[in-house]
Amino acid sequence: MQSLHSARPHAALQSFVRAYAQRTYVLHEPTTEPSLPSVDPVLVFLFGAGFKVCFPGGGIVTPHHATIVGANLRFGTNLRLNGKVDLFAIFFQPAGFTDLFGVPGRHITSAYHDASAVFGSASSLWEQLAEANSFAYRVRVAEAYLLAQRATAPVVHNRHAANEILSRRGMIRIRLLAHDYGVSVRQFERDFIKTVGATPKSFARVARFECALDAKIANPARTWLDIAVALGYSDQMHLIHDFKGMSGNSPEALLKILGDARPPALVASGGDDETFRQQ
């Protein structure tokens, strides 16, 4: 049995946060699902046992009660679920966690960290969320905390290339983006790797994959060919090849595996362009 709830953030937090989600499992036998490549750092709070992360090559990690998961640029990572799992997650904009907590993205990209070691108040926040008796109340607790954090965070005046890549759904030539920032392509790539912990090309590839998946979930009647064209893939086979490379599955097979597990508020957060969504 599984329940899923999600919500968009307060307007004052939308430049930092994409969505909130809560998933509750009661499983009588172990199950495995893919941990999809994603450009979003996620702060995950666990209130039950039975949750493990399995990496390619055989490594297994049991997340802490409060875990910060950087942008997931690993391919082939899986989640192993068993027993009762109750989790609440905050999905950040690509640079949102860095802006609020001052932690460079390169330190958390493709990694799982004990959130209490990253910012000391994580344990207190976990306790408040654990005592909350509903998803709506957990959102209010999280928003109060994040709004207070926003008030004390350093004022950020710089644009964030990672946020721009997501807002353009990965459809951006790195050469043109470097030109917009007034630097050479080589300097832009060096700066991006230093800030984010990945190349801009690999980051853009994951952003486009994520947006393609969300486009189909948002509008199931839309064809993969139409999505491929809208997102700048050379053809539908290019999109299918990308999906297989990132998830090990064809687009349709991946949708069947995911079921309704993708938080609707997260899907909606990347689909404000009505031309693209075609809804």
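Descriptive notes on the structure:
- Within region 99-131, the residues that satisfy the criterion of being touching a helix residue (DSSP H, G or I) at 6+ places or on another chain (Cβ under 8 Å) and of a type in the set (S, T, N, Q) are Thr109, Ser116, Ser121, Ser123, Gln128.
- Candidates Arg140, Arg173, Arg169 - the one that is of a type in the set (D, E, K, R), out of contact with any Lys or Arg (no Cβ under 9 Å at 6 or more places or on another chain) and assigned by TED's automatic domain parsing to the domain that holds Ala207: Arg173
- Evaluation of Pro30 against (1) touching a Lys or Arg at 6+ places or on another chain (Cβ under 8 Å); (2) surrounded by 15 or more Cβ atoms within 10 Å (Cβ to Cβ) (one fails), failing number: (2)
- Flag for Thr24 being touching a residue at least 24 places away in the same chain (Cβ under 8 Å) and more than 24 Å from Phe119 (Cβ to Cβ): yes
- Which listed residue, of Ala95, Ala89, is of a type outside the set (D, E, K, R), within 27 Å of Glu29 (Cβ to Cβ) and either modelled with pLDDT of 90 or more or not assigned by TED's automatic domain parsing to the domain that holds Ala132 (or both): Ala89
- Contacts under 7 angstrom Cβ, first residue in region 107-125 being among the aromatic types (Phe, Trp, Tyr), partner surrounded by 17 or more Cβ atoms within 10 Å (Cβ to Cβ), 6 or more apart: Tyr112/Val53; Tyr112/Pro63; Tyr112/Thr67; Tyr112/Val69; Phe119/Phe101
- From the options Pro41, Pro34, residue that is within 29 Å of Phe243 (Cβ to Cβ), at pLDDT below 90 and touching a helix residue (DSSP H, G or I) at 6+ places or on another chain (Cβ under 6 Å): Pro34
- Qualifying residue in region 5-17 (condition: in contact with a Ser or Thr (Cβ under 7 Å, 6 or more places away or on another chain), within 25 Å of Ala111 (Cα to Cα) and crowded, with 18+ Cβ neighbours inside 10 Å): no
- Scanning region 4-31 for residues that are within 23 Å of Ile257 (Cβ to Cβ) and either within 19 Å of the chain's Cα centre (by Cα) or in the same structural domain as Leu213 (by TED's automatic domain parsing) (or both) yields Leu4, His5, Ser6, Arg18, Ala19, Ala21, Gln22, Arg23, Thr24.
- Conditions (1) out of contact with any Gly (no Cβ under 7 Å at 6 or more places or on another chain); (2) outside any strand (DSSP E or B); number of the one not met by Thr67: (2)
- Count of region 247-279 residues, restricted to those that are at pLDDT below 90, outside any loop (DSSP other than H, G, I, E, B) and more than 21 Å from Gln14 (Cα to Cα), is 4.
- Selection status of Ala178, touching a residue at least 40 places away in the same chain (Cβ under 8 Å) and outside the structural domain of Val17 (by TED's automatic domain parsing): no
- Qualifying residue in region 182-190 (condition: assigned by TED's automatic domain parsing to the domain that holds Leu258, under 17 Å from Ile165 (Cα atoms) and in contact (Cβ under 8 Å) with a residue 12 or more places away in the chain): yes
- Met237 vs. criteria aliphatic (A, V, I, L, M) and either assigned to a loop (DSSP other than H, G, I, E, B) or under 16 Å from the mean Cα position of the chain (by Cα) (or both): no
- Test for Gly48: is it at pLDDT below 75, in a loop (DSSP other than H, G, I, E, B) and either surrounded by 18 or more Cβ atoms within 10 Å (Cβ to Cβ) or at positive phi (or both): no
- Count of residues meeting criterion [among the hydrophobic types (A, V, I, L, M, F, W, C) and more than 13 Å from Val44 (Cα to Cα)] in region 81-110: 6
- Cβ-Cβ distances below 8 Å connect the following pairs, each with a first residue in region 74-86 that is of a type in the set (Ser, Thr, Tyr), a second residue that is not in a loop (DSSP other than H, G, I, E, B), and a separation of six or more residues or different chains: Thr77/Pro34; Thr77/Val53; Thr77/Cys54.
The values are calculated or read from the model by the stated rules, or taken from the named source; none is laboratory data. Bear in mind the structure is a predicted one, so any value in this text is a computation, not a measurement. Heads up, the Cβs are rebuilt from the backbone with ideal geometry, glycines too, and the neighbour counts pull from every protein chain shown.
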